[in-house]
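Reading through the structure tokens given below for one structure.
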């Protein structure tokens, strides 16, 4: 998996949060995931299936960050992760993957998206189970961290 | 989503655990999921994409049950959920979905599977974010509960 494949996901998350919540995250360096370092409190997960490849994506947020994203969008901050928050994480997951799908489609990489699943639970960890390399992209902010992980078999 | 669509997943989980771990779970009544009742400690999740539909599946285990499944298969019981356990949950997720895919393919319902993701975290909850109906299938055993949830847009 080369950088052409990674950047569309990274850019897409930055765009979505800038547009929806007027929020700028700071992207760290994408790297190969060796163990389950991405710990978070709410994650959106989605499967991808294409003619040449299949894979999975997750976007994980720490609780204070996703609550601040809600606050920026709605002017109202829930005290904890509720159904409105998980709906938002599902939407972000769809939008980020859809944005990357468009960018990658332009380059000839095609895939279809499944529907998202959102997991809530303090400090859960995620393991993408596939033979492909796992890439983790960390993002930092004043309110906490987020992580995108992608994995494609090919 | 009719019962023809649900039973293959239910049967497939029972088959897989009987074959791999010589373990019989007791299936409860499948029902429409109204809120996030399926709480567990480790879950396998997978996306599905077909020409007429797309969706997602999750299989959630309580910790004592999945550790007993490891014990039945390997004669050795880890003290907690480790990477061997999450690998096993990923495999079970693939096998159950693959088994159901074969049964459903015979009936003319076709879909491709993405790659599985495994989530670990005490008492996490799962929300399938799609317009389709969510079906939850509970399973009980002497060691704890398991849940399959499936959701298809159509």
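The values are calculated or read from the model by the stated rules, or taken from the named source; none is laboratory data. Please read all numbers here as calculations on a predicted model, not as lab measurements. Heads up, the Cβs are rebuilt from the backbone with ideal geometry, glycines too, and the neighbour counts pull from every protein chain shown.
How many residues are assigned to a helix (DSSP H, G or I) and either buried (at least 19 other Cβ atoms within 10 Å of the Cβ) or at pLDDT 95 or above (or both) when one looks only at the range B:73-83?
0
Looking at B:17, B:67, B:57, B:10, can you tell me which residue is touching a strand residue (DSSP E or B) at 6+ places or on another chain (Cβ under 8 Å) and part of a helix (DSSP H, G or I)?
Values: B:17 fails: touching a strand residue (DSSP E or B) at 6+ places or on another chain (Cβ under 8 Å); B:67 fails: touching a strand residue (DSSP E or B) at 6+ places or on another chain (Cβ under 8 Å); B:57 fails: part of a helix (DSSP H, G or I).
Result: B:10 is the single residue among B:17, B:67, B:57, B:10 that is touching a strand residue (DSSP E or B) at 6+ places or on another chain (Cβ under 8 Å) and part of a helix (DSSP H, G or I).
Would you please name the residue that is surrounded by the fewest Cβ atoms within 10 Å (Cβ to Cβ), looking only at residues in the range A:87-101 that are in contact with a strand residue (DSSP E or B) (Cβ under 6 Å, 6 or more places away or on another chain) and free of Cβ contacts under 8 Å to residues at least 60 places away in the same chain?
Filtering the range A:87-101 for residues that are in contact with a strand residue (DSSP E or B) (Cβ under 6 Å, 6 or more places away or on another chain) and free of Cβ contacts under 8 Å to residues at least 60 places away in the same chain, the one surrounded by the fewest Cβ atoms within 10 Å (Cβ to Cβ) comes out as A:90.
Does any residue of the range A:17-24 turn out to be surrounded by 21 or more Cβ atoms within 10 Å (Cβ to Cβ), in contact (Cβ under 8 Å) with a residue 40 or more places away in the chain and over 12 Å from residue A:136 (Cβ atoms)?
yes
Being over 19 Å from residue B:151 (Cα atoms), in contact (Cβ under 8 Å) with a residue 24 or more places away in the chain and more than 11 Å from chain A (Cβ to nearest Cβ) narrows it down to one residue among B:62, B:11, B:76, B:84; which is it?
Only one candidate passes the filter, namely B:62.
Take residue A:109 and tell me if it is part of a loop (DSSP other than H, G, I, E, B) and either at pLDDT 95 or above or away from chain B (no Cβ under 11 Å) (or both).
yes
Among the residues of the range B:30-40, is any in contact (Cβ under 8 Å) with a residue 24 or more places away in the chain, in contact with a strand residue (DSSP E or B) (Cβ under 7 Å, 6 or more places away or on another chain), within 14 Å of chain A (Cβ to nearest Cβ) and part of a strand (DSSP E or B)?
Scanning the range B:30-40 turns up at least one residue that is in contact (Cβ under 8 Å) with a residue 24 or more places away in the chain, in contact with a strand residue (DSSP E or B) (Cβ under 7 Å, 6 or more places away or on another chain), within 14 Å of chain A (Cβ to nearest Cβ) and part of a strand (DSSP E or B).
Would you tally the residues in the range A:102-128 being over 15 Å from residue A:14 (Cα atoms) and surrounded by fewer than 23 Cβ atoms within 10 Å (Cβ to Cβ)?
Here the count works out to 14.
Taking the conditions exactly as written (modelled with pLDDT of 95 or more, touching a helix residue (DSSP H, G or I) at 6+ places or on another chain (Cβ under 9 Å) and closer than 27 Å to residue B:82 by Cα), does residue A:88 satisfy them or not?
Against the criterion (modelled with pLDDT of 95 or more, touching a helix residue (DSSP H, G or I) at 6+ places or on another chain (Cβ under 9 Å) and closer than 27 Å to residue B:82 by Cα), residue A:88 does not qualify.
Answer yes if at least one residue in the range B:114-130 is within 10 Å of chain A (Cβ to nearest Cβ), outside any strand (DSSP E or B) and in contact with a helix residue (DSSP H, G or I) (Cβ under 7 Å, 6 or more places away or on another chain), and no otherwise. Steps first, please.
Keep residues of the range B:114-130 that are within 10 Å of chain A (Cβ to nearest Cβ), which gives B:114-130.
So of that shortlist, the ones also outside any strand (DSSP E or B) come out as B:114-116, B:129-130.
Imposing the further condition that a residue be in contact with a helix residue (DSSP H, G or I) (Cβ under 7 Å, 6 or more places away or on another chain) reduces the set to B:116, B:129.
Yes - at least one qualifying residue is present in the range B:114-130.
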